[in-house]
Amino acid sequence: MGYLNSEEKKKVTTQRLREMKQRGEKISMLTSYDYTMAKIVDGAGIDIILVGDSASNVMAGNVTTLPITLDQMIYHAKSVVRGVNRALVVVDMPFGTYQISDTEAVANAIRIMKVSHADALKLEGGVEILPSVRRILDAGIPVMGHLGLTPQSINKFGTYAVRAKEEAEAEKLVADAHALEDAGCFSLVLEKIPAKLAERVAKEVSIPVIGIGAGGGVDGQVLVVADMLGMNTDFSPRFLRRYANLFEVITQAVGHYVEDVKSGDFPNEKEQY
Ligand code: KIV
């Protein structure tokens, strides 16, 4: 974090994110699911850490985000919070914890906040989930919206293809963005939608809009940390830029270790008591 001045080193708040948008300063966001990664990501100067329900895929190997439970998300959130000093920590409410009723939603939201000590929550969906969003906001919990490709609805969509290419879906997305802003959400994630549409939303709403596969005309970007570090080889959407090839680095390091153990080279005399 050497390049951050003393003001920038202070804990990121929802208010500060809004000021960043007003100044035209882009917001950086990555996922993390555990203490060690969160500590590295926070120390490198990220603005927002998302404890994404993509933990279901990345950490547990599930095909979708649907199976992850509230308790599992709380476990990941607690681990991340322990590693973070500066970034705003946002936790995904998992599938099934906010759709049944607004009362259940606010109870689950309070539980995540109380036990994990995270800073905010993210919920997928538009006007359909507004009653839950409002109850959670009324409890004093900051909410980030998530529109476009919403992976918890994959069984309804049937595909991970780009969303809102047709006018009707695009207009609904714009209306949903305004409804979430009017309700009091502090920010929005837009996933895998046309860049022009995302730019329009970012211009029309006053809250920061963070994109993933939504082009450069928004207020910030988010990626799944394992994807941008190149820890897997089988996920290569157009929007993903890999900043490292950890798959290769780890494979080589582990292979080297196996060789050294088998040959008796490790441990040497200096590496023992
Ligand atoms: O769960 C997640 O990682 C997300 C991001 C893709 C925005 O919701």
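Side notes on the structure shown:
- Here the condition is being farther than 19 Å from residue 42 by Cβ and of a type in the set (Asp, Glu); of 92, 71, it holds for 71 alone.
- Residue count for the stretch 154-191, restricted to those that are more than 18 Å from residue 121 (Cα to Cα) and either within 14 Å of the ligand (Cβ to nearest atom) or part of a strand (DSSP E or B) (or both): 3.
- Residue check, residue 109 in contact with a helix residue (DSSP H, G or I) (Cβ under 8 Å, 6 or more places away or on another chain), more than 23 Å from residue 163 (Cα to Cα), surrounded by 22 or more Cβ atoms within 10 Å (Cβ to Cβ) and in contact (Cβ under 8 Å) with a residue 60 or more places away in the chain: no
- Within the stretch 79-91, the presence of at least one residue that is part of a helix (DSSP H, G or I) and either within 14 Å of the ligand (Cβ to nearest atom) or of a type in the set (S, T, N, Q) (or both) is confirmed.
- Residue within the stretch 240-261 that is in contact with a Lys or Arg (Cβ under 9 Å, 6 or more places away or on another chain), within 16 Å of the ligand (Cβ to nearest atom) and either part of a helix (DSSP H, G or I) or more than 22 Å from residue 92 (Cα to Cα) (or both) present: no
- Taking first residues from the stretch 78-92 that are touching a residue at least 60 places away in the same chain (Cβ under 8 Å) and partners that are charged (D, E, K, R) and in a helix (DSSP H, G or I), the Cβ contacts under 7 Å between residues at least 6 apart in sequence or on separate chains come to 85/42; 86/42; 87/42.
- All positions within the stretch 113-132 that are part of a helix (DSSP H, G or I), closer than 20 Å to residue 189 by Cα and within 16 Å of the ligand (Cβ to nearest atom): 129
- With respect to the conditions (1) touching a Leu at 6+ places or on another chain (Cβ under 8 Å); (2) surrounded by 16 or more Cβ atoms within 10 Å (Cβ to Cβ), residue 221 lacks only one, and its number is (1).
- Qualifying residue in the stretch 149-166 (condition: of a type in the set (Lys, Arg), closer than 18 Å to residue 94 by Cβ and surrounded by fewer than 22 Cβ atoms within 10 Å (Cβ to Cβ)): yes
- Members of the stretch 202-237 found to be assigned to a loop (DSSP other than H, G, I, E, B) and under 18 Å from residue 248 (Cβ atoms), listed by number: 229, 230, 231, 232, 233, 234, 235, 236
- Residue within the stretch 41-53 that is in contact with a Pro (Cβ under 7 Å, 6 or more places away or on another chain), small (Gly, Ala, Ser) and either at pLDDT below 95 or closer than 18 Å to residue 227 by Cα (or both) present: no
The values are calculated or read from the model by the stated rules, or taken from the named source; none is laboratory data. None of the values given here were measured: they were computed from a predicted structure. Here Cβ is always computed from backbone atoms with ideal geometry, including for glycine, and neighbour counts include all displayed protein chains.
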